[in-house]
1. Take the residues in region 6-55 that are polar (S, T, N, Q) and closer than 25 Å to PHE158 by Cβ; name whichever of them is surrounded by the most Cβ atoms within 10 Å (Cβ to Cβ).
2. Within region 26-40, is there a residue that is in contact (Cβ under 8 Å) with a residue 12 or more places away in the chain, in a helix (DSSP H, G or I) and under 16 Å from ARG72 (Cα atoms)?
3. Could you check region 37-90 and list, in sequence order, the residues that are among the small types (Gly, Ala, Ser) and within 19 Å of ASP7 (Cα to Cα)?
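What follows is calculated from the coordinates using simple rules that are stated; it is not laboratory data. Note that the structure is predicted; figures quoted are calculated from it, not measured. Methodologically, a virtual Cβ is constructed for each residue, glycine included, from the backbone with ideal geometry; neighbour enumeration extends over all protein chains shown.
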Amino acid sequence: ALIDTSDEEINFNFNALSELRLRVNKVPREDEEDNAYVNKLYRCLQNRRLIFVEDIGYFSISNVEDGFDGKRNYKDITAQSCEAEIQRKNLTYIADGTYKFDDLLEKIVATLPKWVIGHVDDSVLNRYRTFEDVDTSLNTLSFMLSDMQDAYECIFVFDIMYRQINVYDQNDYIVRTNIHIAKDDFKNESI
């Protein structure tokens, strides 16, 4: 459990990586055992280590900046939601051909340790699409969020608590209304 944290902030992003920012202060303890634990925990704050946020999920540390505020050492941590693991994975080779959605998804998820397939709408499950000249320089997340979403007309929703990949039909996921809200519609009042 992280202790002596401050300035915690989470920016949630739909269909993109969410971001966690926080400062971890290195506060010495009187008890030798407690102090050893604090030092060990502080040293463990490194890139690609995971931070679990209760009731939200896992975040992978992407940047650590050390500092000193005149009283104590601290680390400013930036972490991305654990879909970053999928982003760091190179796309598996996909030969030219026609693929049923669930076959292609299973092929991709087989290369992602710890990730599983969650809910998939039946209407998406049985769709077939043809792929040609798939760019193997893409990372797996980019392929899923661009090529697969567009081709299969679906939406990927990543559960960062259980590392589940859920897939919904675009036509059923969004409820369409006649209401249009733009940024200019919000009133900005100064106090």
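1. Ranking the qualifying residues of region 6-55, first place goes to SER18.
2. There is at least one residue in region 26-40 that is in contact (Cβ under 8 Å) with a residue 12 or more places away in the chain, in a helix (DSSP H, G or I) and under 16 Å from ARG72 (Cα atoms).
3. Answer for region 37-90, where residues must be among the small types (Gly, Ala, Ser) and within 19 Å of ASP7 (Cα to Cα): GLY57, SER60, SER62, GLY67, GLY70, ALA79, SER81.
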